[in-house]
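Notes for the one structure printed next.
Nothing in this text is a laboratory measurement; each read-out follows from the coordinates by a stated rule. Note that the structure is a prediction, hence the values are computed from the model and not measured. Cβ: placed from backbone, ideal geometry, glycine included. Neighbour counts: every protein chain shown.
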Amino acid sequence: MKPEDPEGLLYELSGASRLNILRELKKKNLTMTGLGGKQNLTVTGASRQLQCLSDALLARKQPDGMYSSMFYDMLVMHLCSHIDFVSRHRT
């Protein structure tokens, strides 16, 4: 399964931690430690989640060590808000 396939993208977004990290990065750039602290993740856990997001081109590490969102991430998060709406109002 490749991140660029729809199934791969949905898999990468299936964890609540990853979605929450993307929401935090949408607000501002943060370090791995900062993201881990906000999400109650260990450094190892934050590193693993950020690596998955980076591999899927949803986040990137800046030269100064900060992580930031990408344009692709903004589009995906916009689509997720629609999926969230449909999911909550499916009856």
Calculated from the structure, mean projected area of the Cα convex hull in nm² equals which of [x] 5.9; [y] 15.4; [z] 6.2? [z]
Set the Förster radius R0 to 25 Å, insert the Cβ-Cβ distance between Lys27 and His89 as r into 1/(1 + (r/R0)^6), and round the FRET efficiency to 0.05. 0.45
About its Cα centre, how strong a charge dipole does segment 6-88 have in debye, to the nearest 20, once Lys and Arg get +1 and Asp and Glu get -1 at the Cβ? 280 debye
Starting from segment 1-41, pick out the GluC sites (Glu not before Pro) whose DSSP state is loop and whose Cβ has at most 10 other Cβ atoms within 10 Å. Glu4
Among trypsin sites (Lys or Arg not before Pro) in segment 11-91, those in a DSSP loop whose Cβ has at most 11 other Cβ atoms within 10 Å are Lys28, Arg90
How many lysine pairs does the chain hold where the Cα atoms are under 19 Å apart and the two sit 8 or more places apart or on different chains? 7
